[in-house]
Amino acid sequence: MKKNKFIPKKIYIERSCKNTRYIEKIIKNTSGVPHEWINGTREIIEEMRSRHDPIGEGKKYLLISDQKGDFVKPCPCTPHYIGCNYYIINLDLNCPLDCSYCILQMYLENPLITIHANKQDLWDQLDEFLSKHKGRMLRMGTGELGDSLALDHITENSIELIDYFRRHNNVLFELKTKTTNIENVLLTKPAENIVIAWSLNSLEMALKEESRAPGISERLKAAAEVVDKGYHTAFHFDPVIEYPGWEEGYLSVIDDLFALVDPDRISWISIGSLRFPPELKEIIGKRFPESKIIYSEMIKGKDGKLRYFKPIRGKLYQKITQKLMEKNRKIPFYFCMESVGLWRSYLKKEPRSKADVENLLTSLLGFNHIDHIL
């Protein structure tokens, strides 16, 4: 395996897993890593949760089990702010990266990095879901509960997902990552409805707050590689963090982005400011004592999350959106979980619902009529 890719200390495999062929692939791709078959997951999860830093310790181990619930779900978004009608596929849970602001630190009861083996259930659920939405353009992706590509050298999930969605061109399918783990993507034939996306931050915040993630320049070079291969890409400036020097930090990354990546292949760019549930503040303070992000001036928003005061968010958005529009006005830009007032002020749009944002993005990409693409 290549340097800097995640290699677990040990793999736990639940005996009840259905897909033995997939498990054999994972074992082959982690050659030399010890593995243990277990009768159930509760004991190993409880043991991991009893450790001093269960979140950090759990990131060292791999658990293979079957998904008991739905693979496909609407993005939870957040109440009282504008979402975008995005659907998420939860194939893997947790992530070997360790970003200070990550909500998974408080959201997941299982601290181990988990791969779900029952892939046939995924395809069956996707077939059923898409059959119910034949007349609609959808945006779907992975990367909500775990990085889309961080485990791809082990799972090779990107190959199957891309091949599946190339046959469903009423879906704009997104693989979202902070990594440079793109080897399997580059070996797979691109399709016009497949988007390989990167989360971006300023160089300083990526270095200080996004532990174990590749640097911003490496991410942008990876994006340029997939574009050269023929894929579309996208970028998510989320969370934008206020700190001394933030303006120069974010604007220089935007300059680097447009210097390296063909803007005609950028499907969208989203922007969202730092926000998190109040319960996460204590976890961040304990796990990342050097981080300063929890000491900013924040209020509890309508959704109960801590976020910057609206004037601070407006200041961040004004500079970033102005710079993006100077670079290219054709790319769809949108805010993630923001108020309609800030949309109106800085993007000159006034969406009233998730459906409005979905229609905005798909229409700007030329997918407003299904018969246009079928």
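Couple of notes before you dig in:
- Selection of the range 293-313 for residues being assigned to a helix (DSSP H, G or I) and touching a strand residue (DSSP E or B) at 6+ places or on another chain (Cβ under 9 Å) yields Ile293, Ile294, Lys310, Ile312, Arg313.
- Residue match in the range 145-164 (condition: surrounded by fewer than 17 Cβ atoms within 10 Å (Cβ to Cβ) and over 19 Å from the mean Cα position of the chain (by Cα)): yes
- Residue ID - nearest to the chain's Cα centre (by Cα), chosen from residues in the range 105-118 that are modelled with pLDDT of 95 or more and surrounded by fewer than 20 Cβ atoms within 10 Å (Cβ to Cβ): Asn110
- Output for the range 237-250, where each listed residue is of a type in the set (Phe, Trp, Tyr) and assigned to a strand (DSSP E or B): Phe237
- Test: residue in the range 194-215 that is over 24 Å from Ser100 (Cα atoms) and either β-branched (Val, Ile, Thr) or under 15 Å from the mean Cα position of the chain (by Cα) (or both): yes
- Failed item in (1) touching a helix residue (DSSP H, G or I) at 6+ places or on another chain (Cβ under 8 Å); (2) modelled with pLDDT of 95 or more, with Leu97 passing the rest: (1)
- Within the range 321-362, the set of residues being closer than 24 Å to Ser252 by Cβ and of a type in the set (Asp, Glu) comprises Glu326, Glu338.
- Residue list for the range 1-50, restricted to those being of a type outside the set (Val, Ile, Thr), out of contact with any strand residue (DSSP E or B) (no Cβ under 6 Å at 6 or more places or on another chain) and outside any loop (DSSP other than H, G, I, E, B): Arg21, Tyr22, Glu24, Lys25, Lys28, Asn29, Arg42, Glu43, Glu46, Glu47, Met48, Arg49
- Residue ranges of helices (runs of 4 or more DSSP H) in the range 129-207 with at least 1 members touching a helix residue (DSSP H, G or I) at 6+ places or on another chain (Cβ under 6 Å) and either within 24 Å of Ile241 (Cα to Cα) or acidic (Asp, Glu) (or both): 152-155
- In this structure, Ala224 qualifies as of a type in the set (Gly, Ala, Ser), at pLDDT 95 or above, surrounded by 15 or more Cβ atoms within 10 Å (Cβ to Cβ) and farther than 30 Å from His52 by Cα.
- Residue within the range 55-62 that is within 25 Å of Gln120 (Cβ to Cβ), surrounded by 11 or more Cβ atoms within 10 Å (Cβ to Cβ), in contact with a strand residue (DSSP E or B) (Cβ under 9 Å, 6 or more places away or on another chain) and not aromatic (Phe, Trp, Tyr) present: yes
- Residue match in the range 122-134 (condition: closer than 24 Å to Glu192 by Cα and in contact with a His (Cβ under 7 Å, 6 or more places away or on another chain)): yes
- Ile23 vs. criteria of a type in the set (Val, Ile, Thr) and either within 28 Å of Pro239 (Cβ to Cβ) or without any contact (Cβ under 8 Å) to a residue 24 or more places away in the chain (or both): no
- For the range 251-292, the candidate set comprises residues that are part of a helix (DSSP H, G or I) and acidic (Asp, Glu); within that set, the residue that is nearest to Val226 (Cα to Cα) is Asp264.
- Contact map, the range 35-56: residues that are more than 21 Å from Tyr101 (Cα to Cα) and of a type in the set (Ser, Thr, Tyr) paired with residues that are modelled with pLDDT of 95 or more and not in a strand (DSSP E or B), Cβ distance under 9 Å, separation 6+ or inter-chain. Pairs shown: Thr41/Asn110; Thr41/Leu112.
- Scanning the range 286-322 for residues that are surrounded by fewer than 14 Cβ atoms within 10 Å (Cβ to Cβ) and more than 21 Å from Glu338 (Cα to Cα) yields a count of 5.
- Scanning the range 279-307 for residues that are closer than 30 Å to Glu358 by Cβ and not aliphatic (A, V, I, L, M) gives Lys300, Gly301, Lys302, Asp303, Gly304, Lys305, Arg307.
- Among the numbered conditions (1) modelled with pLDDT of 95 or more; (2) more than 19 Å from Gly143 (Cβ to Cβ); (3) surrounded by 20 or more Cβ atoms within 10 Å (Cβ to Cβ); (4) in contact with a Ser or Thr (Cβ under 8 Å, 6 or more places away or on another chain), the only one that Gly249 does not meet is (3).
The values are calculated or read from the model by the stated rules, or taken from the named source; none is laboratory data. The model shown is predicted, which means the values in this text are computed figures rather than measured ones. All Cβ positions, glycine included, derive from the backbone under ideal geometry; neighbour counts span all protein chains shown.
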